[in-house]
Each structure stands twice: as structure tokens, then as C-alpha cells.
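Note sheet for the following structure.
The values are calculated or read from the model by the stated rules, or taken from the named source; none is laboratory data. A quick note: this is a predicted structure, and the numbers were derived from the prediction, not measured. Because the Cβ atoms are built from the backbone with ideal geometry, glycine has one as well, and the counts that use them run over all protein chains shown.
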Amino acid sequence: MNYVVGDIHNDNKKFNKLLELINLSEQDTLYILGDVFDRADYAPDPVGVYFNILKLGARCQVLRGNHDTWLADYILDYYDRLEKKKKLLPYTYNSFELMSQRLTPVDMQNLAKYIMSWPLQIELNIAGTKYLLAHAQTSLPSETKPDDYYLMGTADSDMFLADGIDGYVSICGHDNVGGGHIWKNALDNVYMCDCGCGFASGKLGCLCLETREEFYIN
Ligand SMILES: [Mn+2]
């Protein structure tokens, strides 16, 4: 089976509960729609989320979100400036401080490079249905867009939510469109999976692509 999970945002407790619930076999794959890091100020554990992803190995494929990109950019800039004895303003979110308390500078920089290797969009073909996965918005594979298109979405996202991408089922996170539930459009070709995880009242949402079964962790 192929599972897709929305924004985790440092909530390793909910991520662990989800992994227990879906109980991935060696043949299953979990796609994470990005925004793995930042937030969950009630119980943040970015290192725990990171180690869980590493532990899943080939059974897990992460797409890059805007928060992951911001964290990676900050890490690379921070250690580059440290060498030149130039200080950087604190990172806006909690992940850098929490992770740099537990990981060495080399491990931090490896994390940043690992994050930047995560793709912005993935195309899948499952039992004849073509899927596009991206953090905020998908594009026709033949029309490559600037990074921010996939990371942040565009001003005409209402059009994307209504129409999707012709010939594909698009699966995204980033925006809690459904207010705590996985949202899908009337054409059944756009699914928005961010259910607010990382905010105190948010949920972690997960979708099985073969069965369209939805899983929620409160
Ligand atoms: Mn996002």
C-alpha cells in the first residue's frame, strides 16, 4: 500500500501513533508531504521525527516543504557564518535550537543537505491512476515551476483546488483547507492532507492511495 501523510511539524508523538496505526510492511511506502519541522510548541521533538524518518529508510519518501527549506537554508548559513565569525539572527521557529542541542555541527549540516535532496514533486502511477504529490501545489510534470510554486502555492490556488491538474490526482499538504480533515474537491482530483498538526488542537492526517481510507491522530 502507498500512504500519504500531511504536515507533521515536529509532533513526533502523533507521528509515532500513526506509524503504529498503519503498521507499514516492507512492501508499503509512506510519502510525507513536507513541513516535517518547526512548531509543535506543546511538545516539539524534531530530532525524534528526523530519526523516525531515517529508521523508515526506503519505506519512506519525504517531499520538501517551505519550513524544511527554511530550516536547511538557516543551518547552512549559520555554520558558514560561524566559520567567518559572523553572527546570524535566531531562527524564527524552534527546530534549529532544539536540534543543535542534540546534533553535532557536522550532523546538522548533513541534515540540511539531506533536506535539500528531498524532491519538490513526485509523480506516481498506482493501478492505472496517475498521482502528483507536492507540499503546497502540483504542476504538470512537463511544466517545471519555480521552487516557491511547489513550496508555498500560488495566488490562484483557488483555481488549483477546484480544477486540479488534468489527468492526475494531486495530493498536497501545507494548508489545513478541511479544518482538521483531509479535504477533497468535487472532481475528486485534489486532496489536501494538512490537518493542523503542530498546532495544539491540530490532527495528523494520512490517506491510503489504494483504498482512499483516511487515518487521523488527535
Ligand atoms: Mn507549509
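If a residue must be hydrophobic (A, V, I, L, M, F, W, C), more than 18 Å from Asn66 (Cα to Cα) and modelled with pLDDT of 95 or more, how many such residues does segment 119-166 contain? So that I can check it myself, show each step before the final result.
Filtering segment 119-166 for residues hydrophobic (A, V, I, L, M, F, W, C) gives 120, 122, 124, 126-127, 132-134, 136, 140, 151-152, 155, 159-162, 165.
Now narrow it down to the ones that are more than 18 Å from Asn66 (Cα to Cα): 124, 126-127, 140, 159-162, 165.
Checking the rest, the ones that are also modelled with pLDDT of 95 or more come to 124, 126, 140, 159-162, 165.
Number of matching residues: 8.
Does Leu132 count as on the phi < 0 side of the Ramachandran plot, assigned to a strand (DSSP E or B), away from the ligand (no atom under 13 Å from the Cβ) and without any contact (Cβ under 8 Å) to a residue 60 or more places away in the chain?
Details: on the phi < 0 side of the Ramachandran plot: yes; assigned to a strand (DSSP E or B): yes; away from the ligand (no atom under 13 Å from the Cβ): yes; without any contact (Cβ under 8 Å) to a residue 60 or more places away in the chain: yes.
Spelling it out, Leu132 is indeed on the phi < 0 side of the Ramachandran plot, assigned to a strand (DSSP E or B), away from the ligand (no atom under 13 Å from the Cβ) and without any contact (Cβ under 8 Å) to a residue 60 or more places away in the chain.
Which condition does Gly6 not pass, out of (1) more than 16 Å from the ligand (Cβ to nearest atom); (2) within 23 Å of Asp148 (Cα to Cα); (3) not β-branched (Val, Ile, Thr), if it passes all the others?
Condition not satisfied by Gly6: (1).
So if I check each of Arg81, Arg102, Arg64, which one is in a helix (DSSP H, G or I) and either among the basic types (Lys, Arg) or at positive phi (or both)? Let's see the steps before the verdict.
Numbers: Arg102 fails: in a helix (DSSP H, G or I); Arg64 fails: in a helix (DSSP H, G or I).
None of the other options fit; the residue is Arg81.
Which one of the conditions (1) within 16 Å of the ligand (Cβ to nearest atom); (2) among the acidic types (Asp, Glu); (3) free of Cβ contacts under 8 Å to residues at least 60 places away in the same chain does Asp35 fail to meet, given that it meets all the rest?
Going through (1) within 16 Å of the ligand (Cβ to nearest atom); (2) among the acidic types (Asp, Glu); (3) free of Cβ contacts under 8 Å to residues at least 60 places away in the same chain one by one, Asp35 breaks only (3).
Gly153 - would you say it is at positive phi and surrounded by 15 or more Cβ atoms within 10 Å (Cβ to Cβ)?
yes
Name, by its number, the condition in (1) hydrophobic (A, V, I, L, M, F, W, C); (2) within 13 Å of the ligand (Cβ to nearest atom); (3) buried (at least 22 other Cβ atoms within 10 Å of the Cβ) that does not hold for Leu204.
(2)
Looking only at residues that are assigned to a helix (DSSP H, G or I) and within 13 Å of the ligand (Cβ to nearest atom) in segment 150-173, which one is farthest from Val36 (Cα to Cα)? Write out each step before concluding.
Applying the first criterion (assigned to a helix (DSSP H, G or I)) to segment 150-173 yields 150-152, 157-163.
Still in the list and also within 13 Å of the ligand (Cβ to nearest atom): 150-152, 157.
Working: Tyr150: 15, Leu151: 13, Met152: 15, Ser157: 22 Å.
Per the criteria, the residue is Ser157.
Take the residues in segment 19-46 that are surrounded by fewer than 24 Cβ atoms within 10 Å (Cβ to Cβ) and within 15 Å of the chain's Cα centre (by Cα); name whichever of them is nearest to Tyr114 (Cα to Cα).
Tyr31
Which of (1) buried (at least 17 other Cβ atoms within 10 Å of the Cβ); (2) over 29 Å from Glu20 (Cβ atoms) is the odd one out, the single condition Cys197 does not satisfy?
It is condition (2) that Cys197 fails.
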